Amino acid sequence: MRGSEMRRRAPEYRRQSRRRLPGWIWWLVGIFLVVGLMLFVLHHNQKEQFRPPVINKGSETEEVSPGKVNFTEELLSSTSFARQLADQMTLAKAYVILAKEHGNLQLAWELSSQIRNSQRLLSQGAVSGRAITQEEAHPIITRLARLIYKAQDSHYDISTTMVTLKSHALALEERAKAAVVQTAEFGQLAAESLPKNIHCLTVKLTEEWLQNPKLRSRSEEHRNSTRLVDNNLYHFCIFSDNVLATSVVVNSTVSNANHPQQLVFHVVTDRINFGAMSTWFLINDFKGCTVEVHCIDEFSWLNAASSLVRWLSEMETKGSSGGLKAQEQEIKFHNPKFVSLLNHLRFYIPQILPNLEKVVFLDDDVVVQKDLTQLFSIELHGNVIGAVETCLESFHRYHKYLNFSQPIISSKIDPHTCGWAFGMNIFDLIAWRKANATSLYHYWQEQNADQLLWRTGTLPAGLLTFYGLMEPLDRRWHVLGLGYDVDIDDRLIESAAVVHYNGNMKPWLKLAIHRYKSIWERHVNFSHPHVSECMFH
């Protein structure tokens with residue numbers, strides 16, 4: 001029985017061993033197999049990805065050395081140690097500034113030391129062309145991290161950093177604005193100053209004037225020349241205290257004239273430069289043209305008739321009484337652009353040249369490149385002045401120069417009227433006297449006694465005085481900007497009858513724009529003894 005029972009149990013035991021497993025177990029096994037397969041494939045692809053690249057050379061292939069890397073890509077990679085070092089250095093440099101500002105020099109020194117270590121390691125990696133390893137970077141990264149945490153514990157957190165950097169930006173912006181203002185002031189000061197070589201020339205010429213009585217007698221003889229009042233000749237007027245600049249204007253004009261013997265120049269200067277100016281034009285010949293030199297003190301009618309002179313005298317009296325306001329007025333009084341009677345003489349040309357009918361006015365910072373005698377044949381249609389307009393769209397119109405919030409301006413003047421330029425102008429003196437333009441100038445100067453209509457300069461006064469009395473000229477007669485604009489088209493300069501160095505960068509100054517300086521210098525006689533002695537070069 002036992003034997004038979006044992007034989008019957010064996011099959012039952014075998015049937016139990018072949019019993020099916022539950023379904024969820026099979027699903028679990030399948031998932032594990034799929035995950036394992038995916039991990040295997042991913043691991044295999046990573047090996048393929050980091051395999052050194054192969055460079056093809058014809059039919060041969062060779063592997064790049066695994067030690068060489070592109071260090072720029074290394075710095076851009078978010079997983080590289082070089083990138084971590086660079087990022088920590090940037091943050092550490094900011095904390096160095098903050099630590100110094102808060103007087104924590106020890107922390108600043110420690111951060112600077114680690115920054116230098118980082119820079120040294122990055123330099124070595126760049127030179128050798130290899131990737132920075134964890135063993136090399138880990139000590140520096142760890143020390144920098146500790147110092148950065150230490151800086152944050154010292155309240156150099158992100159908000160403090162942002163506030164500090166914002167204050168730095170504001171401070172730099174203020175310094176930049178101050179530098180711009182200071183640069184403009186220095187440029188204005190340089191433009192108004194007289195270079196030592198021109199001062200040297202003036203001194204030598206004045207010395208010759210005082211030591212040579214023949215020069216003075218010849219000057220008196222020239223005053224009686226009938227050419228000075230001959231309306232069949234071509235008359236030009238220049239008001240300047242700069243001997244060399246006036247010489248360039250005269251020399252360039254006669255050099256380009258078809259008949260220079262028919263040209264007459266009326267030069268007016270101040271008492272200090274009268275002897276030097278007279279001597280220069282007496283000892284030099286400018287192709288047979290006539291040059292008359294006057295001193296402004298000779299015009300006795302100017303002191304009696306000019307409201308400007310009376311106003312300047314009042315300013316001088318007030319300036320001597322002291323006080324901050326008086327000091328400000330005195331500064332304006334000594335500004336040559338504002339008070340120089342030589343600049344304002346252009347409004348008294350009919351009184352200075354009472355016998356003439358037409359005259360061309362030239363500033364002392366121009367160079368003539370064409371024959372200007374053709375200007376005298378231009379029809380002005382009854383207007384007083386011929387000038388080149390300077391407006392372009394909304395630029396250089398009357399509202400840019402005058403204060404139209406004042407009713408006396410806004411009620412009489414169109415703010416959109418096109419502005420024009422002084423510096424090269426043709427004047428019909430008959431029409432001037434008929435329009436009584438000098439009286440208009442006096443009127444506007446009196447209205448601007450408190451400087452509410454315009455601030456400084458002669459152009460605003462000219463725009464008002466000759467409002468409705470200006471005849472536009474072709475733009476090629478007068479090209480401006482050589483004293484401040486470095487991008488004037490060469491073709492425009494070549495076609496210009498007159499180029500004007502308006503602005504602070506005058507051609508006789510060291511700060512002149514080099515590109516345009518040769519145009520002016522070609523009319524300077526550097527071989528002249530006085531010029532060479534004063535070291536012109």
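The values are calculated or read from the model by the stated rules, or taken from the named source; none is laboratory data. On a predicted model such as this, the values are computed, not experimentally measured, just so you know. Note that each Cβ is placed from the backbone with ideal geometry, even for glycine, and that neighbours are counted across all protein chains shown. With ligands, DNA and RNA removed, areas are computed over all heavy atoms of the protein, side chains included. Shrake-Rupley method; radii C 1.70, N 1.55, O 1.52, S 1.80 Å.
What do you reckon, is residue 218 surrounded by fewer than 18 Cβ atoms within 10 Å (Cβ to Cβ), touching a helix residue (DSSP H, G or I) at 6+ places or on another chain (Cβ under 8 Å) and part of a helix (DSSP H, G or I)? For residue 218, the condition - surrounded by fewer than 18 Cβ atoms within 10 Å (Cβ to Cβ), touching a helix residue (DSSP H, G or I) at 6+ places or on another chain (Cβ under 8 Å) and part of a helix (DSSP H, G or I) - is met. With respect to residue 488, determine if the residue is open to solvent by less than 70 Å² (accessible area, probe 1.4 Å) and closer than 27 Å to residue 426 by Cα. Spelling it out, residue 488 is indeed open to solvent by less than 70 Å² (accessible area, probe 1.4 Å) and closer than 27 Å to residue 426 by Cα.
Checking each residue in the range 265-298 for being in contact with a Cys (Cβ under 7 Å, 6 or more places away or on another chain), in a strand (DSSP E or B) and either without any contact (Cβ under 8 Å) to a residue 40 or more places away in the chain or surrounded by fewer than 24 Cβ atoms within 10 Å (Cβ to Cβ) (or both) picks out 265, 266.
Could you grab me the full set of residues in the range 422-431 that are among the aromatic types (Phe, Trp, Tyr) and either part of a helix (DSSP H, G or I) or under 32 Å from the mean Cα position of the chain (by Cα) (or both)? Result: 422, single match.
In the range 245-262, the count of residues that are farther than 20 Å from residue 509 by Cα, touching a Cys at 6+ places or on another chain (Cβ under 6 Å) and open to solvent by less than 60 Å² (accessible area, probe 1.4 Å) is one or more. Between 462, 457, 483, 468, the distinction of being in contact (Cβ under 8 Å) with a residue 60 or more places away in the chain, open to solvent by 10 Å² or more (accessible area, probe 1.4 Å) and either farther than 13 Å from residue 388 by Cα or in a loop (DSSP other than H, G, I, E, B) (or both) belongs to 457 only. For the range 345-421, no strands (runs of 3 or more DSSP E) sit wholly inside it while including 3 or more residues that are within 24 Å of the chain's Cα centre (by Cα).
Within the range 85-130, the set of residues being open to solvent by 40 Å² or more (accessible area, probe 1.4 Å), in contact with a Phe, Trp or Tyr (Cβ under 8 Å, 6 or more places away or on another chain) and over 13 Å from residue 151 (Cα atoms) comprises 126 only. With respect to the stated conditions, residue 196 fails to be closer than 30 Å to residue 510 by Cα, in contact with a His (Cβ under 7 Å, 6 or more places away or on another chain) and either among the charged types (D, E, K, R) or open to solvent by 50 Å² or more (accessible area, probe 1.4 Å) (or both).
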